[in-house]
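The values are calculated or read from the model by the stated rules, or taken from the named source; none is laboratory data. None of these values were measured; they are calculated from a predicted model. We place every Cβ from the backbone using ideal geometry, glycine too, and count neighbours over all the protein chains shown. Side chains included, ligands, DNA and RNA excluded: accessible areas come from the protein's heavy atoms. Shrake-Rupley method; radii C 1.70, N 1.55, O 1.52, S 1.80 Å.
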Amino acid sequence: MGRPTLYVGRAEDIGRALKDLRVAEDVTQTDLAQAIGIHQSHMGTYERSTTIPNSRRLLEILRAHKYVIAYIPEEIAYGPP
């Protein structure tokens, strides 16, 4: 069985998705932050969507836990209003 794939409709949902995946893996913020070379408090800002990780940092986070995450803009996922 592979890792879960979580479809994210808005940039603000990335933080929730990252936290959900981290918690499901039973990994602490501190451990994840150390794995990618940042401070735990910075990881917290990502999970609260206070800041959004850039694409490089997001890939580092995903690689650290072998997750697959897809970002589909809302207008593409649901079509024009």
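Structure summary
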{"item": "Average accessible surface area per residue within segment 11-69, 1.4 Å rolling probe, Å²", "result": "57 Å²"}
{"item": "For segment 5-58, size of Cβ-based charge dipole, Lys and Arg +1, Asp and Glu -1, in debye", "result": "220 debye"}
